[in-house]
Structures are given as structure tokens and as C-alpha cells.
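Peer 1: A single structure is presented below for examination.
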Amino acid sequence: MSRLLGHVILLGAPGVGKGTQAKLLAEDTGLPHLSTGDMLRASVSSGTEMGRLAKAVMESGALVSDEVILGIVAERLRAEDAQNGVIFDGFPRTVKQAEGLDSLLRDLHGVGIAKVIRISLDADEIVRRLSGRRVCRACGAIYHVLYHPPRQEGICDLCGGQLEQRPDDQPSVIRHRLAVYEAETSPLVDYYRHLPGYAEVDGQGETEQVRERIRLTLGLKE
């Protein structure tokens, strides 16, 4: 697989599969996968003041402050493995964050965003996907009650830990998150649409089908 150099953004509402596709794209390109959601959850687990604040905001379905997000991203972009580019998963989520990211990239790397892929999916399918998700408390492995159930209900196949539904995966919170996305995050499409590397990909179907669409869109070849 040919190597794609430069910073890549995967856009899309919560539940469209950005995280899964970002990990697969990292395999295809050799670029590190940067998930702000994972980093935020790590800060929540640490119990710091910022972690407690982030937890309350995440459980309400609202957005964590731009200052917190940009601070986390700036630290990660200084790492040695990020110098050729990263795959942004779940960031930016607002135009203000996008402007902040542009500034960070200019200051740190002297480059901009190379590719922006927007993954689209029907809202009812998003609710179905997210409300059925279960996460292992011990190791973080992810399951789904319909699409990827554990061998024993409520128990992680990998470590035997207890599976739980995240507070932000409750159907009512999911729909609120989607409303927040439409109001505050959709303008990113207009912000990035002018880029030569901007494209939209259908998120419906099996993981490998969506993966292949992204590969074709980015011009990746075996």
C-alpha cells in the first residue's frame, strides 16, 4: 500500500465509524491515529481537574472546550512520529477548532491539512450503532449487542472484564449529540469544502466496504 504523507481529517457525526476507519487508514498509510476522544477519556480516568470537567461535559452530550482540546492536540503534534502527518479522528469539531488547528500546524510543521474525508450516515442508523455499543471497563475493548456481541453476555472475551454502556451512548444523549453536531460542527463542511483534498464517503455498509471507498477516494493502491 502506498504511503500517504500529510495531515488527514476524518469528519462525520458521532457513530459514523470515524474511529474504526481512522485505525484502518493508519494501517494503510503508516500515519499515527490521533483520537481526541481516547485522550479525553484517559484524562477522565486520571481524575485530574480537567478530567472531571471533561467527564461532566461528555456525559451531557455537549462539546469539551476548544482550549482543552487544542492543548491536547498541540502536545501530540510535537511528538516525533507526528512530523509526517497524523490522522485526526473526531477533531476538529468546530470552525474555531479548525482555525486553531491551522495555526498549530503552521507554527509546528509549516504545512496545512492535506486531506479531509467526510463520512455520512443516516441518523437512525447512528442511534442503532451507538446505543448497542458496549465497552470493557478493564481493557477498553469494544463490542456491539447486534453486530459484534461477546461470547458471554456482559463479559469481555479478551480479559473477562465487565462490559458497560457509556453514559453518552444512551439514545436520548445520542440524539442530543447529533443535534449539537448539526448546529456546531456541520459548518466545518463549508470551511473545508474548498480544499482540493476534500471528499465525501458513504458510511453505510460493512466496515471493509467503507474502507475501500476511502482507499479509492484517497488514491491508495495495492
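Peer 1: If you take the residues of segment 155-180 that are over 14 Å from residue 133 (Cα atoms) and under 23 Å from the mean Cα position of the chain (by Cα), which of them is surrounded by the most Cβ atoms within 10 Å (Cβ to Cβ)?
Peer 2: The extreme case among them is 177.
Peer 1: Please go through segment 27-39 and pick out each residue that is in a helix (DSSP H, G or I) and modelled with pLDDT of 75 or more.
Peer 2: Correct list: 27, 28, 29, 36.
Residues checked against (1) farther than 24 Å from residue 30 by Cα; (2) of a type in the set (D, E, K, R); (3) in contact with a His (Cβ under 6 Å, 6 or more places away or on another chain):
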residue: 61; (1), (2), (3): yes, no, yes
residue: 68; (1), (2), (3): yes, no, no
residue: 75; (1), (2), (3): no, yes, no
residue: 92; (1), (2), (3): no, no, no
residue: 101; (1), (2), (3): no, no, no
residue: 104; (1), (2), (3): no, no, no
residue: 113; (1), (2), (3): no, no, yes
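Peer 1: May I ask you to list the residues in segment 120-139 that are in a helix (DSSP H, G or I) and of a type in the set (A, V, I, L, M)?
Peer 2: 123, 126, 127, 130
Peer 1: What are the residue pairs meeting all of these: first residue in segment 73-102, first residue free of Cβ contacts under 8 Å to residues at least 12 places away in the same chain, second residue of a type in the set (A, V, I, L, M) and surrounded by 14 or more Cβ atoms within 10 Å (Cβ to Cβ), Cβ atoms under 8 Å, and 6 or more apart or on different chains?
Peer 2: 102/113
Peer 1: Also: Got at least one residue in segment 17-25 being touching a strand residue (DSSP E or B) at 6+ places or on another chain (Cβ under 8 Å), at pLDDT below 80 and within 30 Å of residue 213 (Cα to Cα)?
Peer 2: Looking only at segment 17-25, we keep the residues that are touching a strand residue (DSSP E or B) at 6+ places or on another chain (Cβ under 8 Å), and these are 17-19, 21-23, 25.
Next, only the ones that are at pLDDT below 80 stay: none.
No.
Peer 1: Here is a further query. Has segment 98-110 got any residue that is under 20 Å from residue 62 (Cα atoms), modelled with pLDDT of 90 or more and touching a helix residue (DSSP H, G or I) at 6+ places or on another chain (Cβ under 6 Å)?
Peer 2: Yes, because at least one residue in segment 98-110 is under 20 Å from residue 62 (Cα atoms), modelled with pLDDT of 90 or more and touching a helix residue (DSSP H, G or I) at 6+ places or on another chain (Cβ under 6 Å).
Peer 1: Same structure again: Could you please find all residues in segment 182-212 being part of a strand (DSSP E or B) and surrounded by 13 or more Cβ atoms within 10 Å (Cβ to Cβ)?
Peer 2: 198, 199, 200, 201 - these are the residues of segment 182-212 that are part of a strand (DSSP E or B) and surrounded by 13 or more Cβ atoms within 10 Å (Cβ to Cβ).
Peer 1: I would also like to ask the following. Taking into account only those residues within segment 181-208 that are among the aliphatic types (A, V, I, L, M) and in contact (Cβ under 8 Å) with a residue 60 or more places away in the chain, which is nearest to residue 131 (Cα to Cα)?
Peer 2: Selected residue: 201.
Peer 1: I need the full set of residues from segment 137-180 which are of a type in the set (A, V, I, L, M), without any contact (Cβ under 8 Å) to a residue 24 or more places away in the chain, more than 13 Å from residue 15 (Cβ to Cβ) and in contact with a Gly (Cβ under 9 Å, 6 or more places away or on another chain), in order please. Break it down into steps so the answer makes sense when it comes.
Peer 2: So in segment 137-180, the residues of a type in the set (A, V, I, L, M) come out as 138, 141-142, 145-146, 155, 158, 163, 173-174, 178-180.
Right, trim to without any contact (Cβ under 8 Å) to a residue 24 or more places away in the chain and you get 141-142, 145-146, 155, 158, 179.
Subset that is more than 13 Å from residue 15 (Cβ to Cβ): 141, 145-146, 155, 158, 179.
The answer is 141, 145, 146, 155, 179.
Peer 1: Between 87, 117, which is modelled with pLDDT of 90 or more, in contact with a Ser or Thr (Cβ under 7 Å, 6 or more places away or on another chain) and within 13 Å of residue 8 (Cα to Cα)? It would help to see each step written out before you state the result.
Peer 2: Numbers: 87 fails: in contact with a Ser or Thr (Cβ under 7 Å, 6 or more places away or on another chain).
Result of the check over 87, 117: 117.
Peer 1: Moving on. Kindly indicate which of 16, 64 is of a type in the set (Val, Ile, Thr), buried (at least 18 other Cβ atoms within 10 Å of the Cβ) and under 12 Å from the mean Cα position of the chain (by Cα).
Peer 2: 16
The values are calculated or read from the model by the stated rules, or taken from the named source; none is laboratory data. Bear in mind that the values here come from a model prediction, so they are computed numbers and not experimental data. Note that we place each Cβ from the backbone using ideal geometry, even for glycine, and neighbour counts take in every protein chain shown.
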